[in-house]
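The values are calculated or read from the model by the stated rules, or taken from the named source; none is laboratory data. Nothing here was measured: the structure is a model prediction, and the numbers come from that model. Neighbour counts are summed over all protein chains in view; Cβ atoms, including those assigned to glycine, are modelled from backbone coordinates with ideal geometry.
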Amino acid sequence: MAQMWITMGPQHPMTHGLWTLRVKVDGETVVDAKAELGYIHRGVEKISESRDFLQITPYCDRLCYVSAMTWANSYIYAAEDLLEVQVPERAEYIRLISAECQRIASHLMWLGAYGPDVGNLTIMTWALRDRELFLDLLQELGGSRMHYNYPRIGGVKRDIPIGFADRLKAKVQMFEHRIKEYEMLLDESTIFLVRLQGVGYTKAEEMVDAGVTGPNLRAAGVNYDVRWAHPYSVYDEVDWEPAVEKPTSIKGADCYDRYRARMFEMRQSCRMILDAIDKIPGGANNHYANDDEMIIAKAPTRAPEGATGFSNYECTRGSSQFYIKGGGEGRGKKPYRLSIRSPMFITIPYIADTMIGYKIADIPAIMGSFDPCIGETDR
Amino acid sequence: MEDVIQIRTWLTTLIGDGLESATADTSLAPHAGDITFFLVTLLSCVMAFALIMLSMFMILWLERKILGRLMDRRGAMTSLRSLWVGENGVTAGEWWKKIPFGLGTPVGAIVAWLNKTAGNRDPKNPTVDRVNNRSWYGLAIFPGFFQNIADGLKFMTKEHMVPSRADKFIFELAPFLVISSTVLILGMIPLSSQIYGANPELSVLFAFAIFGIAPLGVFFAGWASNNKYTLIGGIRSAAQLTAYEIPMLITILGVCVLAGSFNFLEIVHFQHSSGSWFLFLMPLGAVLFLIAMIAEVERIPFDMPEAEAELVEGWWTEYGGMRWGLLFAAEYMRTYAACILFAIFFMGGWHAPFAGLIGRTPYIGGAYLLIPGIVWTLLKAWLIFSFVFVWARAALPRIRTDQILEFGWRMLLPLAFIQLVLVIIYRLYLFDAGSVHDTIEGGWAWNLYGIPFGLPILITVLSCVLFYWLLNDEDPVDTKERMFHVRTLEPAGKHVAGTD
């Protein structure tokens, strides 16, 4: 049969964002695939050069619209490295809790988008409904549902509200049962397994060479989690383990492994949150004022000449890295250069290679299993 | 057993008598019988189509309600409740109190209990309350029932566009093929012993011949739209056609062998007069028929031709306006036809369940037998739609084209043949032709070694055991073994098109 190129995107149900996947098909079989990115490039790195260190945080919120808290935190750690700020421990715990809530919400968004990819709409409504639980919690902290602008250089914007800890515990404990319901709906469905197992194999060595990180890499059995390998914040004080799957095939991890890795990671985030809310210094039921030294530390507004800041942060989709060069007095309060390493920018071209040899119907199954987010990819 | 509504007999008598007296002593007198037949058929067709089209609103409403509630966390319990309770606890009022003699009291009790157990205001389920915080507009009963009319009006106001490089003639022809063939099926399907459009001798064969036309229209539409997605969707439809049509036809052959007829009316009457629904005689056949029918009407999990995840909207991507709306309605008409066909083939059609047992009961028996047959047909069809079609759509992902081909050829087809052989054995060796009775109780033609209704009972029990065993056979989460593998081509660069 004759071969033809099909352009999927920038507006296509498969893409989960605005980008283009060009696939060459031979009948139903994909023989070549190319990813074309850059459709929603906003130039966040360049914009940041004309903003204060504090003003950059909202832009980092908008890097990934389903995982705002982790990206803002990722920037904040780089800025604190640049400005040499010592963060109070209570603020670190609050950041950990908010980031893990965001991780669960982001993985739920992935699960909700992955259901329609393989044709099941029920899991979409279930996952998005439970995501509301965590968006409500984050709204209590940041005041907004999607873009919180919550972390500050030296701490967080405000303390956890009274009663937050009880609501958090109740919702997380309920959510642990809900994960079982998802597994009853999906893992026990033969059609779901037929669609995912044996599809989209990725080898661990290839992924390490390509620079893929996050749950996609851990699904292939590589125990690399930035929170575990290079613990920042208070991740070495709470009780958890990295979500590493052991793939059963020598071909590597398939879509089902990646699905399992994310479900495992949601459970670990629940475990982490429940442990952290008990260990939080200053008491979970106390509320400190916004400028209390338990919440936020004094931070300089100007970076010294030639100083650099760097952070390596485990975002929901992998290792996100920020590099900031301070401008000194000449640049005022603004950075000289800010550079972002996005995990999905590195992963998406690799996914395009992965799907060669499978059917057209496998394209959304494979693409969705990697959890692409175009906001952070195009920056 | 005769139906209460003898509409064809009444019409024939009425029109026939009128025409006879009107045409007496004229040159038309010899043709009075033909004209009567023509007029009765015309009126019956209009009546049958009107009844099916009007009752199809129920199908759309049931799907909307039950699917919405299955996708809700509360599951089937709230599905029941939502029949009389709208979103956010808005109800249709306590209408059961208006029913005379306190007959509605049990309904009120059930509503009170459901409100207590599955109410949206349950503090243990904050998300339900949080997300259901929508306002509700609608008429006082059947919330959401008239949404379909609003949808239809919306489609009618949309512009009709033909892609510039499409094959215009074929592009316009394809919806006609799909829709007209779909409507034609409904003319063959009887809703009761007297409500049908036409009743040819081989009506089963005719109906399924028409059922096979629509995929041709789908292929035309996919090809003529000049779009790569529609092309792939159309070819998928053509490719999967044989994989499910052949098992389905062999299953229906089993039904016809068991009933000894290719006629819908006779199949239904045979189920009553022989004493058992075919559901209890050939449950395997019923399951095969349902699977093949879901594939035939292209619903999840077999909706690869439209697979919106990868093919945007499949073969109807380029259609818009009322043509899209009619194609969509045609899909539901086919679904509805499939449900009615299941009710006719396997659930005794318009015959009341336990007509003999309940019909002989004093006081209520007479009232029970007065329920018109069409009510039973529609109730059975709606039941099948709600519990099989909607539930399957809510619970299952979509499978791949190569997987349905493999499934159809390697599992459905052998099973259909096994069912056919079994059915031939039942009919030849276990059927007692002397015990077929066309009374209210029906016959008892399927006794086994003197046990009344021994064969259906034995088959049903064995099937339930088999089903339970298959249900608990696997637990892939615990074993963590890969049950399924797919064979793929060589990686990029190594595969040369046309060489393998």
**Prompt:** Which of the residues spanning region A:178-215 are under 22 Å from residue A:122 (Cα atoms), of a type in the set (Asp, Glu) and without any contact (Cβ under 8 Å) to a residue 60 or more places away in the chain?
**Reply:** A:181, A:187, A:188
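Would you mind stating whether residue B:326 is away from every other protein chain (no Cβ under 14 Å) and over 15 Å from residue B:182 (Cα atoms)? Please lay out each step first, then the result.
Details: away from every other protein chain (no Cβ under 14 Å): yes; over 15 Å from residue B:182 (Cα atoms): no.
Judged against the criteria, residue B:326 is not a match.
For region A:90-115, give me each residue that is hydroxyl-bearing (Ser, Thr, Tyr), closer than 30 Å to residue B:398 by Cβ and within 14 Å of the chain's Cα centre (by Cα). Break it down stepwise before answering.
Kept after step one, since they are hydroxyl-bearing (Ser, Thr, Tyr), are these residues of region A:90-115: A:93, A:98, A:106, A:114.
Retained after the next criterion (residues that are closer than 30 Å to residue B:398 by Cβ): A:106, A:114.
Listed by number, the list holds a single entry, A:106.
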**Request:** Of all residues in region B:203-255, count the ones that are over 17 Å from residue B:402 (Cβ atoms), of a type in the set (Val, Ile, Thr) and more than 14 Å from every other protein chain (Cβ to nearest Cβ).
**Result:** 9
**Asked** Among the candidates B:139, B:103, which residue alone is at pLDDT 70 or above and either under 30 Å from residue B:245 (Cα atoms) or among the hydrophobic types (A, V, I, L, M, F, W, C) (or both)?
**Response** B:103
**Asked** What are the residue pairs meeting all of these: first residue in region A:15-27, first residue without any contact (Cβ under 8 Å) to a residue 60 or more places away in the chain, second residue assigned to a strand (DSSP E or B) and of a type in the set (Ser, Thr, Tyr), Cβ atoms under 9 Å, and 6 or more apart or on different chains?
**Response** A:20/A:7; A:22/A:7
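Can you tell me which residue within region B:445-500, out of those that are acidic (Asp, Glu) and either more than 27 Å from residue B:401 (Cβ to Cβ) or modelled with pLDDT of 85 or more (or both), is surrounded by the most Cβ atoms within 10 Å (Cβ to Cβ)?
Filtering region B:445-500 for residues acidic (Asp, Glu) gives B:473-475, B:478, B:481, B:490, B:500.
After this cut, where a residue has to be either more than 27 Å from residue B:401 (Cβ to Cβ) or modelled with pLDDT of 85 or more (or both) as well, the list is B:475, B:478.
Numbers: B:475: 10, B:478: 8.
Among them, the one singled out is B:475.
Here's the yes/no breakdown for (1) more than 18 Å from residue A:274 (Cα to Cα); (2) away from chain B (no Cβ under 12 Å); (3) at pLDDT 85 or above:
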site: A:98; (1), (2), (3): no, yes, yes
site: A:105; (1), (2), (3): no, yes, yes
site: A:114; (1), (2), (3): yes, no, yes
site: A:185; (1), (2), (3): yes, no, no
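Quick one: how many residues across region A:50-84 are part of a loop (DSSP other than H, G, I, E, B) and touching a helix residue (DSSP H, G or I) at 6+ places or on another chain (Cβ under 8 Å)? Quick ask: steps written out before the conclusion?
Step one: filter region A:50-84 for residues part of a loop (DSSP other than H, G, I, E, B), giving A:50-55, A:62-67, A:84.
Of the ones still in play, those that are also touching a helix residue (DSSP H, G or I) at 6+ places or on another chain (Cβ under 8 Å) are A:51, A:53, A:62-67.
Residues meeting the conditions: 8.
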**Request:** Looking at (1) over 13 Å from residue A:318 (Cα atoms); (2) within 14 Å of another protein chain (Cβ to nearest Cβ), find the lone condition where residue A:238 falls short.
**Result:** (2)
**Request:** For residue A:86, state whether it is away from every other protein chain (no Cβ under 14 Å) and within 17 Å of residue A:344 (Cβ to Cβ).
**Result:** no
**Prompt:** Would you say residue B:337 is small (Gly, Ala, Ser), closer than 21 Å to residue B:179 by Cβ and touching a helix residue (DSSP H, G or I) at 6+ places or on another chain (Cβ under 9 Å)?
**Reply:** yes
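Are any of the residues in region B:283-296 without any contact (Cβ under 8 Å) to a residue 60 or more places away in the chain, of a type outside the set (D, E, K, R), surrounded by fewer than 22 Cβ atoms within 10 Å (Cβ to Cβ) and away from every other protein chain (no Cβ under 14 Å)? Break it down stepwise before answering.
So the first thing to find is which residues in region B:283-296 are without any contact (Cβ under 8 Å) to a residue 60 or more places away in the chain, and the list is B:287, B:289, B:293.
Okay, now just the ones that are also of a type outside the set (D, E, K, R), so B:287, B:289, B:293.
Retained after the next criterion (residues that are surrounded by fewer than 22 Cβ atoms within 10 Å (Cβ to Cβ)): B:287.
Remaining after also requiring away from every other protein chain (no Cβ under 14 Å): B:287.
For region B:283-296, residues without any contact (Cβ under 8 Å) to a residue 60 or more places away in the chain, of a type outside the set (D, E, K, R), surrounded by fewer than 22 Cβ atoms within 10 Å (Cβ to Cβ) and away from every other protein chain (no Cβ under 14 Å): present.
Name the helices (runs of 4 or more DSSP H) wholly within region B:229-348 that hold at least 1 residues that are among the aromatic types (Phe, Trp, Tyr)?
Working: elements: B:264-274, B:278-281, B:283-296, B:308-311, B:321-346.
Those helices (runs of 4 or more DSSP H) span B:264-274, B:278-281, B:283-296, B:321-346.
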**Message:** List pairs: first residue in region B:1-15 and of a type in the set (Phe, Trp, Tyr), second residue buried (at least 18 other Cβ atoms within 10 Å of the Cβ) anywhere in the structure, Cβ distance under 9 angstrom, at least six positions apart or on different chains.
**Reply:** B:10/B:194
**Message:** within 14 Å of chain A (Cβ to nearest Cβ), assigned to a loop (DSSP other than H, G, I, E, B) and aliphatic (A, V, I, L, M): is that true of residue B:399 in this structure?
**Reply:** yes
**Complete:** All conditions in (1) surrounded by 22 or more Cβ atoms within 10 Å (Cβ to Cβ); (2) modelled with pLDDT under 85; (3) away from chain A (no Cβ under 14 Å) are true of residue B:311 except (3)
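Take region B:337-374 and flag every residue that is β-branched (Val, Ile, Thr) and free of Cβ contacts under 8 Å to residues at least 24 places away in the same chain.
Of the residues in region B:337-374, the ones β-branched (Val, Ile, Thr) are B:340, B:344, B:358, B:361, B:364, B:371, B:374.
Those that are β-branched (Val, Ile, Thr) and free of Cβ contacts under 8 Å to residues at least 24 places away in the same chain: B:358, B:361, B:364.
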**Message:** With the requirement that a residue be more than 10 Å from chain B (Cβ to nearest Cβ) and surrounded by fewer than 24 Cβ atoms within 10 Å (Cβ to Cβ), what does region A:249-258 give you?
**Reply:** A:250, A:252
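Based on this model, can you work out whether residue A:22 counts as more than 9 Å from every other protein chain (Cβ to nearest Cβ) and part of a strand (DSSP E or B)? Reasoning before the result, please.
Numbers: more than 9 Å from every other protein chain (Cβ to nearest Cβ): yes; part of a strand (DSSP E or B): yes.
It is true that residue A:22 is more than 9 Å from every other protein chain (Cβ to nearest Cβ) and part of a strand (DSSP E or B).
Looking at this structure, is residue A:180 more than 30 Å from residue A:60 (Cβ to Cβ) and among the charged types (D, E, K, R)? Give the steps one after another, and end with the answer.
Working: more than 30 Å from residue A:60 (Cβ to Cβ): yes; among the charged types (D, E, K, R): yes.
Answer is yes for this residue.
Out of the helices (runs of 4 or more DSSP H) lying entirely within region A:270-379, which hold 3 or more residues that are touching a strand residue (DSSP E or B) at 6+ places or on another chain (Cβ under 9 Å), over 27 Å from residue A:67 (Cα atoms) and within 14 Å of chain B (Cβ to nearest Cβ)?
Details: elements: A:343-354, A:362-369, A:374-378.
Counting at least 3 such residues, we get no helices (runs of 4 or more DSSP H) at all.
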**Message:** Taking the criterion of being part of a loop (DSSP other than H, G, I, E, B) and buried (at least 22 other Cβ atoms within 10 Å of the Cβ), would at least one residue in region B:357-371 satisfy it?
**Reply:** no
**Members of region B:142-174 that are in a helix (DSSP H, G or I), within 21 Å of residue B:57 (Cα to Cα) and not β-branched (Val, Ile, Thr)** = B:147, B:148, B:150, B:151, B:152, B:153, B:154, B:155, B:156
**Request:** For region A:190-204, enumerate the residues that are over 24 Å from the mean Cα position of the chain (by Cα) and surrounded by fewer than 19 Cβ atoms within 10 Å (Cβ to Cβ).
**Result:** A:190
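Conditions tested, residue by residue: (1) over 25 Å from residue A:86 (Cβ atoms); (2) surrounded by 21 or more Cβ atoms within 10 Å (Cβ to Cβ).
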position	(1), (2)
A:298	no, no
A:304	no, no
A:319	no, yes
A:328	no, no
A:334	no, no
A:339	no, no
A:360	yes, yes
A:365	yes, yes
